[in-house]
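*Asks:* Handing you a structure now.
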Amino acid sequence: QATLADSFLADLDELSDNEADVIDEENLDAEQMEEDGDLADIEALNYDDLDNVSKLQKSRRYIDIMQKVEDALERESDVTDKGVVLEDDPEYQLIVDCNALSVDIENEIVIIHNFIRDKYRLKFPELESLVHHPVDYARVVKKIGNEMDLTLVDLEGLLPSAIIMVVSVTASTTSGKPLPEDVLQKTVEACDRALALDSAKKKVLDFVESRMGYIAPNLSAVVGSAVAAKLMGTAGGLSSLAKMPACNVQLLGAKRKNLAGFSTATSQFHIGYIEQTELFQSTPPSLRMRACRLVAAKSTLAARVDSINGDPSGKTGRSLREEIRKKIEKWQEPPPAKQPKPLPVPDSEPKKKRGGRRLRKMKERYAITDMRKLANRMQFGIPEESSLGDGLGEGYGMLGQAGSGKLRVSVGQSKLAAKVAKKFKEKSYGSSGATSGLTSSLAFTPVQGIELSNPQALANQLGSGTQSTYFSDTGTFSKIKRT
């Protein structure tokens, strides 16, 4: 297994002599960076040595903070002094330092996990794909050691029973070989260091959670002590957190996710430490983004209450949490069931419809004709005639079955048609009565077509001028009897 230093040396050997200018420029840049202290000598780094990989535990900052945490856990916190500003409180400053240290511990555990994985891959290469959590992986590696038969190793309590069975079956067919004694010793030492860092992280979180009750009681009631401590540490204090808008609080602790080409449908983006809250985890996946925005908004309100020490009892935070819970439950309620619509009351008597001349006229205008009545009626035992024959096309019903052999039915004229015909007949369709050479005695009527008429008949009948009824020769004046 090639180490990182060997891969760097191999890359240097592959450089050609034609790139001398590029190498000179890189050497100049490297010398400048070495003068600044930003680049270490690659050959001097020994990646087989755990102390060169993991340096946090031996740093002065780590030792001082852990000593203060242990001392603070041994003594009770003085919560009686309410007049001290939070930023001036030494325990508050220690909480902020602990938040930053917890992030460094997580990164250090990942580095040590990679070291253990590189060393133990020769013994059990499939284990890293079966146990993903770095601390669990370190515990399993320390428990197995150089043992090839996993039936002799008791992994109960370290992993779930289903994972234990898969690990045992995979170990029986693995292609790994036992590690040399020195490599095994370094691997076990790295496992001890990872477990020690995990224990220190739990101790730091316990201290922070125990002090968050009086530092930010309302914020702790909404999101929990652990998440509240992480939000405060990332924001840079309670005052800075209180000044943030809710949309920024939602993103505190968010990391860029690389899905490696997989679908983004189920991935949750734009979510930070609020993802670790109990309210978020208990919400169905389809509602988690709405719940995240709601929790972020209420957390901002709780932080603003805590920043002015408005409610030391935490009652405001508990009421905000209850409000969030009720809203999430309301979102999950099914829509109201569709109520069955009752049937209308059956008509016991015919409805009263308006009658009169207009309604009778309308009925007569849209009444079904006798021909349509015959077409809609069929006689039993007698096939109807159709437009295409043999029962195809539009059926004619009883049309043409009355014995006449015709499809046409003589229908009596309706009253409306008779009235219209009478109106047209009374109207004069002849000439105007003017005596000229163009005067015709033919009239065109819609009822009878061409009709022979006398154009002087109407004039002789009515008269004009002195021949009118009022000034006729035979007419007399009416005698009006006065009373």
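*Asks:* Across the stretch 376-390, what is the total count of residues that are free of Cβ contacts under 8 Å to residues at least 12 places away in the same chain and either surrounded by 12 or more Cβ atoms within 10 Å (Cβ to Cβ) or not aliphatic (A, V, I, L, M) (or both)?
*Replies:* Summing the residues that are free of Cβ contacts under 8 Å to residues at least 12 places away in the same chain and either surrounded by 12 or more Cβ atoms within 10 Å (Cβ to Cβ) or not aliphatic (A, V, I, L, M) (or both) in the stretch 376-390 gives 7.
*Asks:* Of all residues in the stretch 131-185, how many are among the polar types (S, T, N, Q) and either assigned to a loop (DSSP other than H, G, I, E, B) or touching a strand residue (DSSP E or B) at 6+ places or on another chain (Cβ under 8 Å) (or both)?
*Replies:* Pass one, the stretch 131-185, residues among the polar types (S, T, N, Q): 146, 151, 161, 168, 170, 172-175, 185.
Filter once more, so that each one left must be either assigned to a loop (DSSP other than H, G, I, E, B) or touching a strand residue (DSSP E or B) at 6+ places or on another chain (Cβ under 8 Å) (or both): 146, 173-175.
Qualifying residue count for the region: 4.
*Asks:* Okay, moving on. Take Val188 and tell me if it is crowded, with 17+ Cβ neighbours inside 10 Å and touching a strand residue (DSSP E or B) at 6+ places or on another chain (Cβ under 7 Å).
*Replies:* Against the criterion (crowded, with 17+ Cβ neighbours inside 10 Å and touching a strand residue (DSSP E or B) at 6+ places or on another chain (Cβ under 7 Å)), Val188 does not qualify.
*Asks:* Quick one: Pro335 ticks every box in (1) part of a loop (DSSP other than H, G, I, E, B); (2) modelled with pLDDT under 85 bar one, so which box is it?
*Replies:* (2)
*Asks:* To continue, here is another question. Mind listing just one residue for me: the one in the stretch 191-213 that is among the small types (Gly, Ala, Ser) and closer than 28 Å to Lys55 by Cα and, of those, most open to solvent (accessible area, probe 1.4 Å)?
*Replies:* Ser199
*Asks:* Among the residues that make up the stretch 50-60, is at least one of them within 20 Å of Gly213 (Cβ to Cβ), surrounded by 17 or more Cβ atoms within 10 Å (Cβ to Cβ) and modelled with pLDDT of 75 or more? Talk me through it step by step, then tell me what you get.
*Replies:* Of the stretch 50-60, the ones within 20 Å of Gly213 (Cβ to Cβ) are none.
Looking for residues that are within 20 Å of Gly213 (Cβ to Cβ), surrounded by 17 or more Cβ atoms within 10 Å (Cβ to Cβ) and modelled with pLDDT of 75 or more, one finds none in the stretch 50-60, hence no.
*Asks:* Please state which of the following conditions Pro340 fails to meet, knowing it meets all the rest: (1) surrounded by 13 or more Cβ atoms within 10 Å (Cβ to Cβ); (2) outside the structural domain of Thr234 (by the TED database).
*Replies:* It fails just one condition, (1).
*Asks:* Can you report the number of residues in the stretch 364-373 which are at pLDDT 85 or above and within 12 Å of Gly397 (Cβ to Cβ)?
*Replies:* 2
*Asks:* Another question about this same structure. Using beta carbons and a limit of 7 Å, which pairs, at least six apart or on different chains, have the first residue in the stretch 351-364 and under 11 Å from Lys415 (Cβ atoms) and the second one open to solvent by 100 Å² or more (accessible area, probe 1.4 Å) and not in a loop (DSSP other than H, G, I, E, B)?
*Replies:* Taking only residues 6 or more apart or on different chains, the pairs are Glu364/Lys415.
*Asks:* Can you find a residue in the stretch 100-116 that is more than 30 Å from Arg211 (Cα to Cα), open to solvent by 30 Å² or more (accessible area, probe 1.4 Å) and either assigned by the TED database to the domain that holds Gly236 or touching an Asp or Glu at 6+ places or on another chain (Cβ under 7 Å) (or both)?
*Replies:* Within the stretch 100-116 (the criterion being more than 30 Å from Arg211 (Cα to Cα), open to solvent by 30 Å² or more (accessible area, probe 1.4 Å) and either assigned by the TED database to the domain that holds Gly236 or touching an Asp or Glu at 6+ places or on another chain (Cβ under 7 Å) (or both)), the answer is no, since none of the residues qualifies.
*Asks:* May I pose another question? Can you list residue pairs whose Cβ atoms sit under 6 Å apart, with the first residue in the stretch 156-176 being closer than 18 Å to Leu122 by Cβ and the second being part of a helix (DSSP H, G or I) and at pLDDT below 80? Count only pairs 6 or more apart in sequence or on different chains.
*Replies:* Ala171/Leu150
*Asks:* When the stretch 349-375 is examined, which residues are found to be surrounded by 10 or more Cβ atoms within 10 Å (Cβ to Cβ) and assigned to a helix (DSSP H, G or I)?
*Replies:* Answer for the stretch 349-375, where residues must be surrounded by 10 or more Cβ atoms within 10 Å (Cβ to Cβ) and assigned to a helix (DSSP H, G or I): Leu359, Arg360, Lys361, Met362, Lys363, Glu364, Asp370, Met371, Arg372, Lys373, Leu374, Ala375.
The values are calculated or read from the model by the stated rules, or taken from the named source; none is laboratory data. In this text, all values refer to a predicted model and were calculated from it rather than measured experimentally. Cβ coordinates were reconstructed from backbone atoms using ideal geometry, including for glycine residues, and neighbour counts include every protein chain displayed. Just the protein is used for accessible areas: all its heavy atoms, side chains included, with ligands, DNA and RNA removed. Shrake-Rupley method; radii C 1.70, N 1.55, O 1.52, S 1.80 Å.
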